[in-house]
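First comes the structure, then the notes that go with it.
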Ligand SMILES: O=C1O[C@H]([C@@H](O)CO)C(O)=C1O
């Protein structure tokens, strides 16, 4: 079935957390409209950019874009930014059921609120539930994304700091709390009618039923821990892939990830319960995000009679690792990886300086985008569009990942990893110490155009002998986003079988902005005609776009 949408994107006054602000809206909505489709459908989004002075793209996070790499919505990789006033057609097939989302992929437009949910239903879902809810998680700053962008690009560097508020479906509370009576800090109880833009979305449930919660995180920065007070969660889907179901009391979710969980409303039906999200992996300065699981027929205003769930300590990384290590592919439904790889690429993640600017680098190169999108410059052999030398396949064996870089200087670059079509690629993401002593941060890495198998995680420096032997080739989960833990490594495998050019990057938006990503190209000669509307910039503009005047 074809599903057709007309979207207008513009700035709009909005009050996501009780403080007046400005968001990027779609058709007057924040978050943007939810797309619901059935596997096999074709989506048509006619996207009009009504931002007065900025280009725009939208990335369909988790959709493989097989045969339509120009619709991936990664600015200057798959297409030119859509100019103000212009309309671009995103046309792509949703070929895999799952919980997805979409978001801006140019500058810091995701931080500005350009996101929404994309749900692809299966013809017949593999598990039973009575009803489902959708929960899109994000984080919110009172400083505008423009100011943040300028801060990050300043000398001396100005970090954006922690978010003011965590949002659930675009709603949070900054000046008040739903849980004052349990709070250690003096803060007002929220007095809400329920129709405020920042009033929490209440989840209404009937006792003794099974619910599916589809949860996705599009945070700009925060890693989160999600809990439903008193309710065990069975995790059944990760990034649109079946996983071996397992039970948890709370779960970590990193930016770029999505999950489905099933829970039973088997608690005392005379009470309501908290649904909470809390910051992990960075010292929290942001209050917990809260809403209510409302057992019908209780009033939604009935505050639960115990405090909100206590999150694990922000720096209890063993707790986070234990969660990640519980995720396995579902036997029978989740495909197995090829047993051998053709190429192994090691990517060292470091924080660096370039001419006094603070940047993130991969194998000592900090990514900057060319002015012509890679997809068309590679397809048409335009070889002055970017640096066509091969980027480094690895980093120095002697690099001490436990210490700040001995020489913090790196360089800007826009090279591309050319992957031989249909070969199996292993990537080892190696974390290291950042610029400060004894600091190494969490980075969730997201791959466009593919799912990959997560073969393993480890502490310290990756060892080509011992660690490879421990790879899980039996039932690794398929994902499109995976985290690297502080001072650790993560190994993934994928098959380079999707003609196109694909970004692979840290999903923390300011980190991508500061260069934390790489670009892969594969089978570009097989890519059919890229629509001219995607080429209206850089060197392709003169070659392919006819002047209308
Ligand atoms: O990119 C980052 O910069 C700061 C800090 O490293 C320097 O201020 C931080 O916490 C990041 O994640």
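No value in this document is a laboratory result; all are computed from the given coordinates. Everything numeric in this text was worked out from a predicted model, so none of it was measured. Please note: Cβ atoms are built from the backbone with ideal geometry, for glycine as well, and neighbour counts cover all protein chains shown.
Overview of results
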read-out	value
Gap separating the Cα centres of the range 25-82 and the range 197-253, nearest whole Å	25
Cα gyration tensor shape for the range 329-383, rounded if a/c is under 1.5, else prolate or oblate	oblate
Cα-derived Rg to Rh of the chain, Kirkwood definition	0.95
Net lengthening on full extension, residue 333/residue 192 (0.36 nm per residue, minus Cα-Cα)	46.2 nm
Whether the range 36-193 is rounded, prolate or oblate, judged on the alpha carbon gyration tensor where a/c under 1.5 counts as rounded	oblate
Set of the range 238-254 residues, backbone N closer than 20 Å to the point 7 Å along the Cα-Cβ line of residue 313	249-253
Estimated translational D of the range 33-72 in µm²/s (Stokes, Kirkwood radius over Cα pairs; 10 °C; 1.306 mPa s)	129
The chain: relative contact order as a whole-number percent, Cα under 8 Å and 6+ apart	14
The range 1-66: Rg to Rh, with Rh as the Kirkwood radius over Cα pairs	1.02
FRET efficiency for residue 394 and residue 469, using Cβ-Cβ distance with R0 set to 25 Å, rounded to 0.05	0.85
Cα-based Rg of the range 281-380 normalised by 2.2 N^0.38 Å, two decimals	1.84
Convex hull volume of the range 450-549 per residue (C-alpha atoms, cubic angstrom)	154
Exposure proxy order (Cβ contacts within 10 Å, fewest to most) of 136, 114, 313, 262	313, 262, 136, 114
Pairwise label distance in nanometres, residue 29 with residue 143, each label 7 Å out on the Cα-Cβ vector	3.2
Stretch gain in nm, segment residue 11-residue 247, where the contour uses 0.36 nm per residue and the Cα spacing is subtracted	80.8 nm
Semi-axis lengths (Å, descending) of the ellipsoid that matches the C-alpha gyration tensor of the range 47-137	28, 16, 10
MRE, 222 nm, helices only [DSSP H, n ≥ 4, -39500 (n - 2.57), over the chain, to nearest 500]	-1500 deg cm²/dmol
Label point distance in nm, residue 402-residue 270, each placed 7 Å from Cα along Cα→Cβ	5.8
Three-way shape call for the range 311-430 based on the alpha-carbon gyration tensor, with the a/c threshold at 1.5	oblate
Cα centroid of the range 285-341 to Cα centroid of the range 95-131, whole Å	18
